[in-house]
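Worksheet: the structure to be examined is printed underneath.
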Amino acid sequence: MARIRVLVVDDHRIFAESLAAALAAEPDVEVAAAGSGPAALRALERAAAEARPYDVILVDAELGALAPGGGAPALPLPRQEEPGAVDGIALVAQVRAARPGVRSVVLAEKDDPRCAARALQAGASGWVAKDCSLQRLLTVVRGVLRDETHLPPALLTGVLRELTATRKHRTESQQLVESLTPREREVLRCMVAGLGRKAVAERLFLSPHTVRTHMQNVLGKLGVHSTLAAVALARRAGVGPAEPVAPARLAGDVVERGSQLA
């Protein structure tokens, strides 16, 4: 019998262990649990290296989120607070990029059309309530392995509305970005990367005054009044950050940046 390998990713120990135990009782399911995004990525990498890849990951929509009042999540699994922790939707996107053969299903405390739309855009194949029956969850798990997409009927209208609005905003943002000159787009990508004016000037071999002019032009053409707003619009348009520049190493660990030595 072909076994379905499932990885449960949730930072609430009782829920994760209970769900894993319930799934493991099925004759065709093999299951493990991870308590954080980094732990899940390590588990996926290890399984792939052993030629025993996971088929489906079940991801908590609020993975890594703080509990009400700013406290830590109840009963966290080990390594929950390790550096590099990501939320559930971000994990889905990372898994989609690194392990495209793995199907992702998001487990949610409540139905949220906006969050569900984000999950689908990130690459999730399903959205399931945490309090659904085991049979319903197994139906979704087996369905996504047949390349089906599963959403609760009550969410469908809201999700379609969110996806339509996102597509409209993306198209409008893309048109604004296309109005920029090639140099202004370079500056915008540097802004998305979080570089300040001086860093942009050094990277593009421009004077700070010239960079300031370009940044002002970018804000004006995009119709925004701050760098943060420009970056948000750029991300909606699909503009990625400028690639980091790896400094060359010289003898004695002297670092060369451009034409200057540091």
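The values are calculated or read from the model by the stated rules, or taken from the named source; none is laboratory data. Keep in mind that this is a model prediction, so the values were computed, not measured. All Cβ positions, even for glycine, are placed from backbone atoms using ideal geometry, and neighbour counts span all protein chains on display. Accessible surface areas use protein heavy atoms only, side chains included; no ligands, DNA or RNA. Shrake-Rupley method; radii C 1.70, N 1.55, O 1.52, S 1.80 Å.
A few remarks follow.
- The stretch 201-222, subset outside any helix (DSSP H, G or I) and open to solvent by less than 60 Å² (accessible area, probe 1.4 Å), residue farthest from Arg185 (Cα to Cα): Ser207
- Selection count, the stretch 223-262, where residues are assigned to a loop (DSSP other than H, G, I, E, B), of a type in the set (A, V, I, L, M) and modelled with pLDDT of 50 or more: 6
- In the stretch 7-59, residue nearest to the chain's Cα centre (by Cα) [restricted to those that are under 14 Å from Gly101 (Cβ atoms) and not in a loop (DSSP other than H, G, I, E, B)]: Ile57
- Within the stretch 1-20, if we keep just the residues that are more than 21 Å from Ala108 (Cβ to Cβ) and open to solvent by 60 Å² or more (accessible area, probe 1.4 Å), the residue that is modelled with the highest pLDDT turns out to be Arg3.
- Being over 16 Å from Gly35 (Cα atoms), modelled with pLDDT of 85 or more and in contact with a Gly (Cβ under 8 Å, 6 or more places away or on another chain) holds for only one residue in Ala93, Ala51, Ala98, and it is Ala93.
- Out of Ala93, Ala119, Ala98, Ala129, one residue alone is over 30 Å from Ser226 (Cα atoms), in contact (Cβ under 8 Å) with a residue 24 or more places away in the chain and either surrounded by fewer than 16 Cβ atoms within 10 Å (Cβ to Cβ) or in contact with a helix residue (DSSP H, G or I) (Cβ under 9 Å, 6 or more places away or on another chain) (or both). It is Ala98.
- Neighbours by Cβ (under 8 Å, 6+ apart or cross-chain): first from the stretch 142-171, under 28 Å from Ile4 (Cα atoms) and open to solvent by less than 50 Å² (accessible area, probe 1.4 Å); second at pLDDT 75 or above and among the basic types (Lys, Arg): Val144/Arg103
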